[in-house]
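The values are calculated or read from the model by the stated rules, or taken from the named source; none is laboratory data. Everything numeric in this text was worked out from a predicted model, so none of it was measured. Glycine also receives a Cβ, built like all others from the backbone with ideal geometry; neighbour counts cover every protein chain displayed.
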Amino acid sequence: MWMSIFTSVEVGLMFALMALGVYLSFRILDFPDLTVDGSFVTGAAVAAVMLVNGVNPLVAVAAAFAAGFIAGTITGLLHTVGGINPLLSGILMMIALYSINLRIMGAPNVSLLAQDHLFTWIRQGIGGTWAIMIVMVAVVLIVKVMLDFFLKTEFGLALRAVGDNHLMITSFSGNIHFYKVFGLGLSNGLVALAGALVAQYSGFADVNAGIGMIVIGLASVIIGEAIFGKKTIIRTTLAVIVGAIIYRIIVALALRVEFLETGDLKLITAIIVILALVLPKAIAKQKETMRKRQRRLRLSAQKG
Amino acid sequence: MLQLNDIYKVFNEGTPDEKVAIDDISLDVKKGDFITIIGSNGAGKSTLFNVIAGKTFPDLGEVLIGEQDVTGLSEYKRARRIGRVFQDPMAGTSPTLTIEENLSIAYSRVKPRTLRPGVTAKRRAFFKEQLETLGLGLEDRLRAKVGLLSGGERQALSLLMATFTKPDLLLLDEHTAALDPSRAALITRLTKEIVEREQLTTIMITHNMQQAVDLGNRILMMDKGKIIFEEEGARKKHLTVTDLLNEFGKMKGTELSDRTLLGV
């Protein structure tokens, strides 16, 4: 039990990077980007192939980020220059990436079990049960702080305005096409980064590993926002990270239920997202009703 | 400051819905001019604004700002020199960003956006000072999200954001039309103050004849894509709403819409 939660947190931290990427596209740019299912694997594929060929793990991870960034910009260009609807641009890119990922890997599956990679380094270099956890916390926090800072720069503020009110940002000399392309690049870069880390952690890259990734990312964002709110950027990015971890823990606990199997994972994910979307509204409504009832009681008590 | 040379724009050309939105309009706006434009719906006022702002491109003719030919320049590039306030109070600001962040976006209009913080202590002081000129107490709510403001407050903020970088040209597109009378009066007063203080070259579309008469040194009346009446200087000053209504009747020879008559 304890062990499975521990692992969930470790993996959750890796998926948190992916969730931050999804937060960028879905929330900041208001762009439902399905590229994620493909770019997650692209990150894994690029890193895996490079590791197999003896490239330094850090370089491999950086290359994975770059590959995801490029994939995202292509989705952005399909939408902005090609004039294709956002959802469709993402789907097209996702489907295209499936073939591209296969090409990169040369096979549906690349094993990393015999390779030196980031986590074998960490296990050997630092050692101990907590090594990976500590490194991942540091990595995620660094990314979070950088993202928080970025979203408050002149550039970042304009990026946020693009998803908020594109009429307004255009009238203040912001090129919405450029910001969308860049934002999607950054988003998918983070997703690919997560893909590269997860592949090394699990010891393989699989061409099907990305299926449903967007829903997992969305689940993390929604769970996080539902619990922590989204008052400021700093708080929301933290919410997304914790949301990703909570999602992993929920899944781990769900899988311990007797009659559920690994294959039920996607169904569980869908149900979690549905609950995270419906429950907060229902709770808010319930609170409002209670508040009103109490107020009425108070008023009638005063009169009586 | 702004020059329109023989602008012509037609929509749905060659179809039964063909509509000449702007029919060979030339206009020379001098530095410091404050022009009000009136005209019934469909007269081509908004298309004219869109042509100036770069949202639509003219089929014929050219647009010059200062000495620069901007006819083919995209909207966002032109926006460095043009401030705009829209009819919809929600259109000019970003609701999930704070007041100071919105001001920062407006502040970065005139130069490339960098990776430096958008709001600094120095800028915050400047924003505060600017907000004080509105007299709405917004200077004490710098970190409030703009989505929480009322329509009037948002429009006042939009007006400030459009003007405080002193654009070469200010375009006001019926920017008081969606507000209740007292808020509209406030925005009208602020507009007058700001334009006078900053000496801004301004063009304002309005359906409110009183406003068109009270504000500015030039007035244009548009109909069917043409400028049908024009007055400036001393003669504009003595113009009354009745005069305008007479002009409408005389030049058009057609019925007036209720909206125009009521001066809503």
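Checking the conditions here, which among A:Arg123, A:Arg160, A:Arg103 is within 14 Å of another protein chain (Cβ to nearest Cβ), among the charged types (D, E, K, R) and either more than 30 Å from B:Val146 (Cβ to Cβ) or touching a residue at least 12 places away in the same chain (Cβ under 8 Å) (or both)?
A:Arg160
Of the conditions (1) more than 21 Å from the chain's Cα centre (by Cα); (2) modelled with pLDDT of 95 or more; (3) more than 30 Å from B:Ala106 (Cβ to Cβ), A:Ile122 satisfies every one except a single condition; which number is it?
So the condition that A:Ile122 fails would be (2).
Here are A:Leu112, A:Leu147: which of them is more than 19 Å from A:His79 (Cβ to Cβ), at pLDDT below 95, more than 11 Å from chain B (Cβ to nearest Cβ) and surrounded by 18 or more Cβ atoms within 10 Å (Cβ to Cβ)?
A:Leu112
Given the criteria under 20 Å from A:Phe69 (Cβ atoms) and among the hydroxyl-bearing types (Ser, Thr, Tyr), does A:Ser4 qualify?
Considered against the rule, which asks whether it is under 20 Å from A:Phe69 (Cβ atoms) and among the hydroxyl-bearing types (Ser, Thr, Tyr), A:Ser4 comes out as no.
For region A:116-135, how many residues are outside any helix (DSSP H, G or I) and surrounded by fewer than 18 Cβ atoms within 10 Å (Cβ to Cβ)?
Of the residues in region A:116-135, 6 are outside any helix (DSSP H, G or I) and surrounded by fewer than 18 Cβ atoms within 10 Å (Cβ to Cβ).
Among (1) within 30 Å of A:Gln115 (Cβ to Cβ); (2) touching a Ser or Thr at 6+ places or on another chain (Cβ under 9 Å); (3) in a helix (DSSP H, G or I), where does A:Ala219 come up short?
The failed condition is (1).
Examine region B:72-81 for a residue that is touching a residue at least 24 places away in the same chain (Cβ under 8 Å) and closer than 18 Å to A:Asn165 by Cβ, and state whether such a residue exists. Before you say what the answer is, go through the steps one by one.
Taking region B:72-81 first, the residues touching a residue at least 24 places away in the same chain (Cβ under 8 Å) are B:78-81.
If we keep only those that are closer than 18 Å to A:Asn165 by Cβ too, we end up with B:79.
The answer is yes; a qualifying residue exists.
Within region A:182-190, can one find any residue that is within 14 Å of chain B (Cβ to nearest Cβ) and buried (at least 20 other Cβ atoms within 10 Å of the Cβ)? If you could, list the steps in order and put the result at the bottom.
Of region A:182-190, the ones within 14 Å of chain B (Cβ to nearest Cβ) are A:182-183, A:186.
Those left that are additionally buried (at least 20 other Cβ atoms within 10 Å of the Cβ): A:183, A:186.
The answer is yes; a qualifying residue exists.
Return yes or no: is A:Ile142 of a type outside the set (D, E, K, R) and surrounded by fewer than 16 Cβ atoms within 10 Å (Cβ to Cβ)?
yes
Return the residue satisfying two criteria in turn: it lies in region A:224-251 and is of a type in the set (Lys, Arg) and in a helix (DSSP H, G or I), and of such residues it is farthest from the chain's Cα centre (by Cα).
Of the residues in region A:224-251, the ones of a type in the set (Lys, Arg) are A:230-231, A:235, A:248.
Now restrict to residues that are in a helix (DSSP H, G or I): A:235, A:248.
Numbers: A:Arg235: 16, A:Arg248: 12 Å.
Restricting to residues being of a type in the set (Lys, Arg) and in a helix (DSSP H, G or I), the top hit is A:Arg235.
Does region A:233-241 contain any residue that is within 14 Å of chain B (Cβ to nearest Cβ), in contact with an Asp or Glu (Cβ under 8 Å, 6 or more places away or on another chain), among the hydrophobic types (A, V, I, L, M, F, W, C) and surrounded by fewer than 24 Cβ atoms within 10 Å (Cβ to Cβ)?
Yes: one or more hits.
For the subset of region B:89-123 comprising residues that are among the polar types (S, T, N, Q) and more than 7 Å from every other protein chain (Cβ to nearest Cβ), which member is surrounded by the fewest Cβ atoms within 10 Å (Cβ to Cβ)?
B:Thr120
Those residues that are within 13 Å of chain A (Cβ to nearest Cβ) and within 19 Å of B:Ile22 (Cβ to Cβ), I need them from region B:71-88; list them, please.
Scanning region B:71-88 gives B:Leu73, B:Glu75, B:Arg78, B:Ile82, B:Arg84.
Would you mention how many residues in region B:179-210 are at pLDDT 90 or above and buried (at least 17 other Cβ atoms within 10 Å of the Cβ)?
Of the residues in region B:179-210, 17 are at pLDDT 90 or above and buried (at least 17 other Cβ atoms within 10 Å of the Cβ).
A:Ala276 passes all but one of (1) closer than 20 Å to A:Ile214 by Cβ; (2) at pLDDT 85 or above; which number fails?
If we test A:Ala276 against (1) closer than 20 Å to A:Ile214 by Cβ; (2) at pLDDT 85 or above, just (2) comes out false.
Identify, by number, the condition in (1) out of contact with any His (no Cβ under 9 Å at 6 or more places or on another chain); (2) modelled with pLDDT of 95 or more; (3) aliphatic (A, V, I, L, M) that B:Met1 doesn't meet.
Of the numbered conditions (1) out of contact with any His (no Cβ under 9 Å at 6 or more places or on another chain); (2) modelled with pLDDT of 95 or more; (3) aliphatic (A, V, I, L, M), the odd one out for B:Met1 is (2).
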